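Take a look at the structure below.
The values are calculated or read from the model by the stated rules, or taken from the named source; none is laboratory data. For clarity, every value in this text was computed on a predicted model and none was experimentally measured. Here the Cβ positions follow ideal geometry from the backbone for every residue, glycine too, while neighbour counts run over all protein chains shown. Only protein heavy atoms, including side chains, enter the accessible area calculation; ligands, DNA and RNA are left aside. Shrake-Rupley method; radii C 1.70, N 1.55, O 1.52, S 1.80 Å.
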Amino acid sequence: MTVTPPRTPRTDGPVPVPPARSVARPGETAEEAAEAADATATPSTATPSTASTAIGAETAVGTGAGTRTKAGADRGGLPSPGADGGGLPAAGADDGELPPPSRGFLAKATLITAVLSVAGSLLGLVRDQALARLFGAGSDTDAFLVAWTVPEFAATLLIEDGLAFALIPAFSMALARRARGVPGDPVRALVAGTLPRLSLAFVAVGALFIGLAPQLVDVLAPGLPDPALAVDCTRLTATCVVSFGLAGYCSAALRAHRRYAAPAAIYVAYNTGIITGMFVLGGHWGVRSAAAGVAVGGLLMVVVQLPSLLRELRKRTVNEVVAGQEEARPLDTLLLATVLLFALCRQSQVLIERFLASQLPAGAISHLNYAQKVAQMPMILSVMVCTVTFPVVARALAEGDTERARSRVERDLALAACVVLLGTAAVVACAPQIVEVLFQRGAFTARDTAATAGVMRVYALGLLGQTLVGVLVRSYFSAGRGSWYPVGAMAAGIVVTSWIGALSVGAWGVYGIAAANATGITVTALVLLAGMGPRSVPVGIRDVLLELSRPVRAALVATLAGSFAAGRFADPAAALAAGGLTVTVTFLLLGRALGSQGVVSALRSVRSVTRRLSHGRS
């Protein structure tokens, strides 16, 4: 028996929809107008209010219905309370369809992602502290950090950027096709057409890296004093190509299904494996124990996500039961090629740094590594919101709602810029105190602290560029189509990084390498911003630049004030507390006074959470 699906728009392309309201009404701020536009945007196909949505494996979060009442829209798009009084959809109904997410859903998803990501980052600091304490900053750690290049590349290509840019839009399109009543299950068809082939590719590349480890070390760091140790570590870390590939696949699929807890927990599991490996095996294997920990941590990244993904894939929809399984669908080759090339170009900055630093005195690579890991924490925090909203943008484009996608991207840019600039101000103002508190113990000396702090301040100058690249590139790939423009933009930045690094390393050493990194990524960000339009989500470039200028000015003043406050205390912990508090208060006050949308939105969210907590206690 063949069931004819209801009359729907074409399932292989965007569907035109009426534009959402984008002009502020009298007495309404631009931020409120943008939020109202997002709240009242109507998707191309109405979704039932009984669909269920969950974050992670256990936490259920209401997302609202596709058709909203006026009262619901006036509350920012949140659904009216249901029978349970909490606005959650009716239990037990699950046809595999995901309704448009409300602001409440996005806030809760971001909170869960932030908590778990911060936990992973803190464990990453513990990992780096353990590495510094156990092995210092010398030839052994340089050898391990050369081998660390493999998991760094694998994380960027397979988890954070490359593969996610291809898979999340693909899963979003499959979910949209399922919601439109396509016979069979497009989600399972996508898995059947992609996972086996990608798994074979992961195994082949991992085996190739293990076999060519000596040649790889020679290319990455030709001036390394102990290449044999680096080769041993590289063979252990190369196993992460397989584990990271599978972990990245699970993360992309789960985020497209709006399950965020398990993907956000992967770095908790990963760093736990590395730390355990160093302390358990360090006495016998030396720095090789850290490489063994990478191999174990990679497997744990898959283990923490697999149960959630299997639960999603076991769900059966009405269309699948009636019409059977849809034909397997592989990924678009052009899309996969462009996203992987972009991620490869972006991560090649690390290759340039390690290559140039390998010819400097021992410890140079380690100083660069420690400085970069700490300096990048504000950037990691700033792109959390984009990690949550990327599937939202991809789903909006899959449904043809470009206005909702544009509004979301512009707000992501404003909020992410504020977060990273606040962190940048704190890093520049308190760099010596941060490094001393975190690392100066054991084999890590005061000399290492001074060198690392100086490099960290230079690195921090490129954090805004790093964040803008992370937000903007998602706009280019969120429609699920291949684009060579981001690859060209990243290649331009790499050329700048290489040229400046080669010219400055002789005179300025590690400081020249860090300055080259900051300049190159900033060039890439500007090129990506200049190309926004027909190639991606069409944001207003002039409006974005004007909005970015406000938190930049606030960050400059906050940096000076924080540096002055930190210099009043001799104790590094007290100096860090005073400097950090001064930076935060100054930045928020100035940002609010200047009308920064990101600061205003963040403060409004804090007030909303505080109000809800106080109501919950009463």
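Figures for the structure shown
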{"quantity": "Cα-projected label distance for Leu208 with Arg447, points at 7 Å along beta-carbon direction, nm", "calculated": "4.2 nm"}
{"quantity": "Residue-normalised accessible area of the range 219-310, given per residue in Å² at a 1.4 Å probe", "calculated": "32 Å²"}
{"quantity": "Solvent-accessible area per residue, Å², over the range 501-545 with all protein chains present [probe radius 1.4 Å]", "calculated": "44 Å²"}
{"quantity": "Within the accessible area of the range 208-316 (1.4 Å probe), percent carbon and sulfur", "calculated": "71 percent"}
{"quantity": "Two-decimal Rg/Rh across the range 426-487, once Rg and the Kirkwood Rh are taken from alpha-carbon atoms", "calculated": "1.26"}
{"quantity": "Fraction in percent of alpha-carbon pairs per bin - 10 Å, the range 259-301", "calculated": "36, 43, 17, 5, 0"}
{"quantity": "Accessible carbon and sulfur surface of the range 341-395 relative to its total accessible area, %, 1.4 Å", "calculated": "74 percent"}
{"quantity": "Spherically averaged projected area of the range 195-254 from its Cα convex hull (nm²)", "calculated": "4.4 nm²"}
{"quantity": "Cβ crowding within 10 Å averaged over residues, with 556-567, 116-127, 464-475 ranked highest first", "calculated": "464-475, 556-567, 116-127"}
{"quantity": "Kirkwood Rh, Cα atoms: Rg over Rh of the range 528-599", "calculated": "1.20"}
{"quantity": "D (Stokes-Einstein, µm²/s), Kirkwood Cα radius, the range 153-225, 1.306 mPa s at 10 °C", "calculated": "106 µm²/s"}
{"quantity": "At q = 0.14, 0.18, 0.22 Å⁻¹, base-10 log of I(q)/I(0) for the range 220-311 (Debye sum, equal scatterers on each alpha carbon)", "calculated": "-0.55, -0.78, -0.98"}
{"quantity": "Spacing of the two label points (7 Å from each Cα toward its C-beta) at Leu603 and Thr333, in nm", "calculated": "5.5 nm"}
{"quantity": "Zone of Asp226's modelled label, taken as backbone nitrogen in the range 255-278 under 17 Å from a point 7 Å along Cα→Cβ", "calculated": "278"}
{"quantity": "Per residue solvent-accessible surface (Å²) - the range 413-481, probe of 1.4 Å", "calculated": "27 Å²"}
{"quantity": "For the range 478-601, the fraction of alpha-carbon pairs in successive 10 Å shells from zero, as %", "calculated": "12, 23, 30, 27, 7, 1"}
